[in-house]
Amino acid sequence: MPLSIAIIGAGPGGFYTASALIKSHPDCRIDFIEALPTPFGLIRGGVAPDHQSTKAVSRAFAKTAGHEGVAYFGNVRLGQDVSVAELRDTYDAVVLALGAPMDRELEIPGGDKPGAFGAAAFVGWYNGHPDFVDLNPDMNVERVCMIGNGNVALDIARVLVKTPAEMATSDLPDYAAKAIHGAPIREVTIVGRRGPAQAKFTNKELSELKDMANCVPLVAPGDLTKDLPDGPNNQMSERDRRLAKKNLATFRDFARRDPTDRRKRLRFQFYAKPVEALGDARIEGLRLERTRLQNGRAIGTGEFFEIPCGLVVSAIGYRMVPIKGVPIDAETGVVRNRCGRVGPGFYAAGWAKRGPTGVIGTNKGDGDAVAALIAQDAGPGGKPGREALEALLRARGVRWVSFQDWQRIEAAEIAAAEPGAPRRKLIRIKDMLAVLGQDSAESQAIADNCPCVIGRSGNISQE
Ligand code: NAP
């Protein structure tokens with residue numbers, strides 16, 4: 001009997017798993033179960049709107065979705081429309097590729113004041129993710145602080161300071177463009193608790209900041225002479241050492257820039273850890289403690305200073321949403337698994353497996369590993385799979401979205417795009433379903449019945 005495999009989550013982790021399975025088990029049947037009508041996970045909702053070339057991988061994913069053994073069940077929420085236990089009963093193998101969509105909290109006093117957001121929520125907001133479009137951040141601010149020295153912090157900072165002309169070929173939704181380009185932002189500070197050589201920025205992304213039309217990147221020259229890649233504070237791999245050296249060369253270039261060269265400034269503040277969010281009704285600044293490195297770790301020096309700012313976004317990592325039937329490690333925030341194996345016939349791939357690290361292509365290795373595990377474990381197959389899922393969803397009145405449905409939604413987005421822009425995203429589930437001619441009371445009720453609520457930090461929680 002051909003194997004029936006359910007992949008939960010239609011982002012890069014899910015799609016690389018499907019394409020590996022198509023090669024290793026050519027006659028298997030693969031069903032994607034995805035909470036949103038729209039596929040591609042972080043490609044659509046996480047990758048920055050001005051990084052369209054990164055999003056091009058979705059064309060390869062669409063080919064995978066078009067394979068004859070593959071079906072897409074979008075607009076099906078795990079834990080609401082179908083449970084993990086039901087999927088494990090129905091399919092020979094179930095792969096968790098749910099990503100890690102919740103922000104790690106910045107645990108400082110005042111860190112939950114209005115004006116403070118996590119990156120998952122803030123990026124979801126400017127990327128038109130239906131769960132975050134109502135985040136409504138107050139953008140009437142001159143100064144912004146980003147916490148974290150990874151590519152997500154860079155993405156957000158860049159989107160906040162680029163000009164409308166620089167974003168014209170992006171798919172930034174209209175409401176976010178209006179809020180961001182109408183904001184009086186003068187300065188964005190990216191705060192790192194360690195030094196420039198320890199930052200996790202990739203050099204391609206860091207170097208992009210050199211040529212912005214209206215913003216100059218700045219760094220204090222004194223920060224570029226401490227804790228160098230070959231110094232005693234750094235037991236780096238050769239790969240990390242090469243990256244750190246490239247980044248330092250880019251930072252040296254930033255350190256020579258004239259701060260008055262452009263109207264906006266993007267400052268890198270290294271060796272500083274946030275200790276308190278200041279302000280009464282909302283954030284008015286951050287109090288930070290200067291740090292020094294000891295055995296590669298940031299240690300507080302007891303010297304404090306403040307940065308005024310009206311918006312704080314922490315980009316300090318992600319974790320998974322708790323879901324019944326999914327064992328999540330409290331410490332790491334990812335699925336408890338051994339090299340991708342979660343239990344009998346139960347697997348994990350992508351960020352759900354290994355945490356929020358690596359680039360899109362890193363997920364390919366996870367997909368190959370899951371396909372190899374399924375090949376090792378596979379019994380005779382024979383579970384009912386797709387037909388049983390369809391019957392169950394029909395009985396529950398769930399209006400699932402097929403891949404052909406998604407292609408109609410996408411065609412509507414492309415048709416509505418401004419000249420030069422790739423698409424105008426539909427941001428509400430009811431508007432996506434309306435494209436399909438399913439604007440019925442039932443579809444509306446399904447769309448409005450999402451159990452997710454956005455907390456003050458922007459994190460999703462289950463009611
Ligand atoms: P990341 O690269 O792991 O960076 C997280 C940053 O947060 C680190 O600088 C970390 O500092 C800092 N941090 C953690 N806890 C902190 C705390 N309590 N206080 C202050 N700082 C804290 O994560 P990310 O930026 O979220 O990116 C996730 C993954 O997606 C990465 O692999 C990234 O490369 C990838 N990504 C790639 C692109 C691209 O290729 N264009 C774009 C976006 C994301 P320490 O180092 O000191 O722990």
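The values are calculated or read from the model by the stated rules, or taken from the named source; none is laboratory data. All values reported here derive from a predicted model rather than from experimental measurement. Heads up, the Cβs are rebuilt from the backbone with ideal geometry, glycines too, and the neighbour counts pull from every protein chain shown.
Go through the stretch 324-359 residue by residue and tally those that are within 19 Å of ARG88 (Cα to Cα) and among the hydrophobic types (A, V, I, L, M, F, W, C). Walk me through it before giving the result.
Step one: of the stretch 324-359, the residues within 19 Å of ARG88 (Cα to Cα) are 324-328, 335-338, 340-349, 352-353.
With among the hydrophobic types (A, V, I, L, M, F, W, C) added as a condition, the list becomes 326, 328, 335, 342, 346, 348-349, 352.
So the count comes out to 8.
Test GLY110 against the stated conditions and say whether it is small (Gly, Ala, Ser), more than 25 Å from THR357 (Cβ to Cβ) and more than 16 Å from the ligand (Cβ to nearest atom).
no
Working only within the stretch 63-101, note down all residues that are under 29 Å from ALA176 (Cβ atoms) and either surrounded by fewer than 16 Cβ atoms within 10 Å (Cβ to Cβ) or among the basic types (Lys, Arg) (or both).
ARG77
Being away from the ligand (no atom under 11 Å from the Cβ) and buried (at least 18 other Cβ atoms within 10 Å of the Cβ) is the filter here, so list the residues in the stretch 337-362 that pass it. Explain how you work it out, then say what you get.
Let us first name the residues in the stretch 337-362 that are away from the ligand (no atom under 11 Å from the Cβ), namely 337-350, 352-353.
Residues satisfying the conditions are ASN337, GLY340, ARG341, VAL342, GLY345, PHE346, TYR347, ALA348, ALA349, GLY350, ALA352, LYS353.
Report every pair of residues separated by at least 6 positions or lying on different chains whose Cβ atoms are under 6 Å apart, first residue within the stretch 307-327 and of a type in the set (Asp, Glu), second in a loop (DSSP other than H, G, I, E, B) and within 16 Å of the ligand (Cβ to nearest atom).
Qualifying pairs under 6 Å: none.
When the residues of the stretch 188-220 are filtered to those that are more than 10 Å from the ligand (Cβ to nearest atom) and assigned to a loop (DSSP other than H, G, I, E, B), which remaining residue is surrounded by the most Cβ atoms within 10 Å (Cβ to Cβ)?
MET212
Name the residues in the stretch 221-244 that are out of contact with any strand residue (DSSP E or B) (no Cβ under 8 Å at 6 or more places or on another chain) and either touching a residue at least 60 places away in the same chain (Cβ under 8 Å) or not in a helix (DSSP H, G or I) (or both), would you?
The answer is THR225, LEU228, PRO229, ASP230, GLY231, PRO232, ASN234, GLN235, MET236, SER237.
Failed condition for LYS204, given (1) free of Cβ contacts under 8 Å to residues at least 12 places away in the same chain; (2) farther than 23 Å from ILE156 by Cβ, with all others met?
So the condition that LYS204 fails would be (2).
Since ILE307 meets every condition but one in (1) out of contact with any Pro (no Cβ under 8 Å at 6 or more places or on another chain); (2) surrounded by fewer than 17 Cβ atoms within 10 Å (Cβ to Cβ); (3) hydrophobic (A, V, I, L, M, F, W, C), which condition does it not meet?
Against the list (1) out of contact with any Pro (no Cβ under 8 Å at 6 or more places or on another chain); (2) surrounded by fewer than 17 Cβ atoms within 10 Å (Cβ to Cβ); (3) hydrophobic (A, V, I, L, M, F, W, C), ILE307 comes up short only on (2).
Restricting the search to the stretch 133-154, which residues are under 27 Å from ARG77 (Cβ atoms) and within 16 Å of the ligand (Cβ to nearest atom)?
Passing the criteria: only VAL152.
Hey, GLY66 hits all of (1) away from the ligand (no atom under 12 Å from the Cβ); (2) in contact with a Lys or Arg (Cβ under 7 Å, 6 or more places away or on another chain); (3) not assigned by TED's automatic domain parsing to the domain that holds ASP280 but one; which does it fall short on?
With respect to (1) away from the ligand (no atom under 12 Å from the Cβ); (2) in contact with a Lys or Arg (Cβ under 7 Å, 6 or more places away or on another chain); (3) not assigned by TED's automatic domain parsing to the domain that holds ASP280, GLY66 is out only on (2).
Between ARG143, ARG77, which is touching a residue at least 60 places away in the same chain (Cβ under 8 Å) and assigned by TED's automatic domain parsing to the domain that holds GLN376? So that I can check it myself, show each step before the final result.
On the way: ARG143 fails: assigned by TED's automatic domain parsing to the domain that holds GLN376.
Residue meeting the stated conditions: ARG77.
Residue by residue through the stretch 79-103, note down the ones that are acidic (Asp, Glu) and either under 13 Å from ILE8 (Cα atoms) or touching a Ser or Thr at 6+ places or on another chain (Cβ under 7 Å) (or both).
ASP81, GLU86, ASP92, ASP103, listed by residue number.
Just checking: which of the strands (runs of 3 or more DSSP E) contained wholly in the stretch 245-336 hold 3 or more residues that are within 15 Å of the ligand (Cβ to nearest atom)?
272-278, 285-294, 297-308, 311-314
Conditions first: (1) under 18 Å from LEU98 (Cβ atoms); (2) away from the ligand (no atom under 16 Å from the Cβ); (3) of a type outside the set (Gly, Ala, Ser). ASP377 passes all but one, so which condition is the exception?
(1)
Return only the number of the condition from (1) farther than 30 Å from ASP431 by Cα; (2) part of a helix (DSSP H, G or I) that GLY358 does not satisfy.
(2)
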